[in-house]
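Where a number appears in this text, it was derived from the coordinates with a stated rule and is not lab data. Note that the structure is predicted; figures quoted are calculated from it, not measured. Counting neighbours? That spans all protein chains shown, and the Cβs are built from the backbone with ideal geometry, glycine included.
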Amino acid sequence: MDDSARSDACEDQRVMRRVIGSALAIALTACASGYGSGPPGGPVDRIPPKIVSTIPDTNATNVTQHELTIHFDKVISERPSAGQAMTLADLVIVSPKNGKPDVDWHRHDMVIHVRHGWRANTAYTVTILPGIADLRNNVIKHETTIFFSTGATIPATSLSGTIFDAITGAPQPGALIEAVGRPDSTLVYVVPADSTGRFVFHGVTPGKYLVRGYVDQNHNGGLDPIEAYDSTTLTLRDSTRTEFLTFVHDSLGPRLGVIDATDSVTLRATFSTPLIITQRLDTTTFALFAADSSRVPIRSVVAIREDTLGQVHDATQRHKDTSTVIVDSATMDTVVRAPPAPPAKPTRPLMIRSVLITVFSPLHPKTNYHLRAINVRGANGVVATSDHLFTTPAPPPPPKPHSASPSDTTAKARAAPKP
């Protein structure tokens, strides 16, 4: 090969290296910026996984399988994407319950087992909470409920109601409601409240039950002493409704807690636990003493309602005319989505925890006082007398004297009459 041919060959190799290098740089830049990272053949999948079948089927009877298998249309993640949930088992509620269920992950499937297997001749409700996600973190945001029975029928019974905070009247979304059989306390049905505080049991065996609703703050599936709850006993025959007003039950009775001086003649006293609203709270219920133990006359006592019914009413108005028409991107079907249900409101009287106490003469600032509450009955029925020492706040600083600005001085000079 002569020198000219050799030079041309070298030049071709250099050109080829530059082309390959440029192509590689473009590819790396595209990967770094996110271009080309989507699946081939279409846009990025943003549709959450969907349940396509269950074994046994929902509403099945005479079930003999020892587990419940839920099959999705795509691979789901082993870890949920939902707040306090750490495993898939945290998103599964089996009713009647027998401890926390075991959940196995098999790519497209969730397999649910319960301790000692299903009970004979029993209707089951399995609730799958929001939070299951696919590998692209597309999350299912609604609950799914599956019914089946190991017996020949699913009872046509229902137990429904609402659960609220006993002081504010606010719904308690996510609270757990349990129906414990009497006398068979091993039969425990459980259902979560929805976002409006409503709940419903289906297929509960007729009989007598202790029903309780509680705010499961630590998400352990059980009622702990510091958690707010309410309970009732009822006999279920076909369809029954009930309502819960939850509060923390304190066996010691109500005690005076925070005392705030809202102004020189008004005190706001807050108790440790709620009070029964039907009891009479007046000037004989409280005694106020100065630092020298002399009694300070009380003019009036007024209970404070802390309910949120005004906000609930406003929210109800906002729920009007909010139905929408959407297209299911998976099936291209047109779906009319009904407006959300208006917030529920308590029908029972709410409880109180605070009172306003007014005195005849202004209290001295930065002074110690002693307030006593006499024979106050708590919501749990316990009567208690309690005392609390407090100090009135310092008086507000006096307003700063107003100094005239140059512009004010000029304006006054112009406005002054000329001699």
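Numbers for the structure displayed
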{"quantity": "From the C-alpha gyration tensor of region 230-313, square roots of 5λ in Å", "calculated": "36, 16, 12"}
{"quantity": "Net +/- balance of residues flanking Pro96 in space, Cβ distance below 13 Å, scoring K and R +1, D and E -1", "calculated": "+1"}
{"quantity": "R0 of 56 Å, Cβ-Cβ distance Thr87-Glu306: FRET efficiency to nearest 0.05", "calculated": "0.90"}
{"quantity": "Counted charge near Ala133, where neighbours are those whose Cβ lies closer than 11 Å (Asp, Glu -1; Lys, Arg +1)", "calculated": "+2"}
{"quantity": "Relative packing of peptides 208-215, 150-157 - highest average C-beta neighbours within 10 Å first", "calculated": "208-215, 150-157"}
{"quantity": "Placed amide H near Val296: partners under 5 Å, 5+ positions off or other chain", "calculated": "Leu288, Phe289, Ala290"}
{"quantity": "Gap separating the Cα centres of region 234-287 and region 95-155, nearest whole Å", "calculated": "39"}
{"quantity": "Computed label-point distance, nm, for sites Ser195 and Ile374 using a 7 Å Cα→Cβ extension", "calculated": "5.1"}
{"quantity": "Using a Förster distance of 60 Å, the FRET efficiency for Lys50-Lys400 (Cβ separation, nearest 0.05)", "calculated": "0.35"}
{"quantity": "13 Å beta-carbon shell around Leu236, net charge (K/R +1, D/E -1)", "calculated": "+3"}
{"quantity": "Estimated FRET transfer efficiency (Asp109, Ser160; beta-carbon r; R0 22 Å; 0.05)", "calculated": "0.10"}
{"quantity": "Simple spin-label estimate for His219 and His364 in nanometres, 7 Å along Cα-Cβ", "calculated": "5.4"}
{"quantity": "Label-point separation, Asp292 to Asp263 (7 Å along Cα→Cβ), nm", "calculated": "2.7"}
{"quantity": "Extension gain, Asn59 back to Ala120 (0.36 nm per residue minus Cα-Cα distance, nm)", "calculated": "20.4 nm"}
